[in-house]
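One structure below.
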Amino acid sequence: MDVKQVKDYLYWLYYQYLLITCSYVLEPWEQSMFHTITVTVFAMVLYTAYVFVPIHLRLAFQFFSQIFGGQPGSTV
């Protein structure tokens with residue numbers, strides 16, 4: 001891909017983001033606040049998923065393995 005095509009594609013994605021969130025009608029300072037809050041919430045969701053999803057998957061696996069006759073793990 002050409003650098004200009006990549007730049008145009010990224011601009012198009014950003015424009016789609018502005019249209020979907022309707023943030024293109026906000027003033028510049030409102031846009032910056034909106035983008036800051038959106039990025040912060042998205043980062044918190046990713047962090048929470050990274051920390052807690054593996055724990056819940058492990059617990060669910062242990063629960064269902066006990067139900068379906070799996071051997072209990074070591075209790076050390």
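The values are calculated or read from the model by the stated rules, or taken from the named source; none is laboratory data. In this text the structure is predicted, and so the values were computed from the model without any measurement. All Cβ positions, glycine included, derive from the backbone under ideal geometry; neighbour counts span all protein chains shown. Heads up: the accessible areas ignore ligands, DNA and RNA and are worked out on the full protein's heavy atoms, side chains in. Shrake-Rupley method; radii C 1.70, N 1.55, O 1.52, S 1.80 Å.
Tabulated results
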{"read-out": "For the chain, convex hull volume per residue from C-alpha positions, Å³", "value": "202"}
{"read-out": "Solvent-accessible area per residue for the chain (1.4 angstrom probe, square angstrom)", "value": "93"}
{"read-out": "Full-stretch length increase - residue 45, residue 67 - with 0.36 nm per residue and alpha-carbon distance subtracted", "value": "4.8 nm"}
{"read-out": "Nearest 10 degrees, 0 to 90: helix 3-21 Cα axis against the chain principal axis", "value": "80"}
{"read-out": "Simple spin-label estimate for residue 5 and residue 34 in nanometres, 7 Å along Cα-Cβ", "value": "3.2"}
{"read-out": "Residue 26-residue 53 FRET efficiency (beta carbon distance; Förster radius 30 Å; 0.05 resolution)", "value": "0.35"}
{"read-out": "Computed [θ] at 222 nm, deg cm²/dmol, the chain (DSSP H ≥ 4; -39,500 (n - 2.57); rounded to nearest 500)", "value": "-28000 deg cm²/dmol"}
{"read-out": "Extension gain (nm, one decimal) between residue 60 and residue 19, 0.36 nm per residue minus Cα-Cα", "value": "10.8 nm"}
{"read-out": "Probe 1.4 Å - accessible area at residue 37, Å² to nearest ten", "value": "100"}
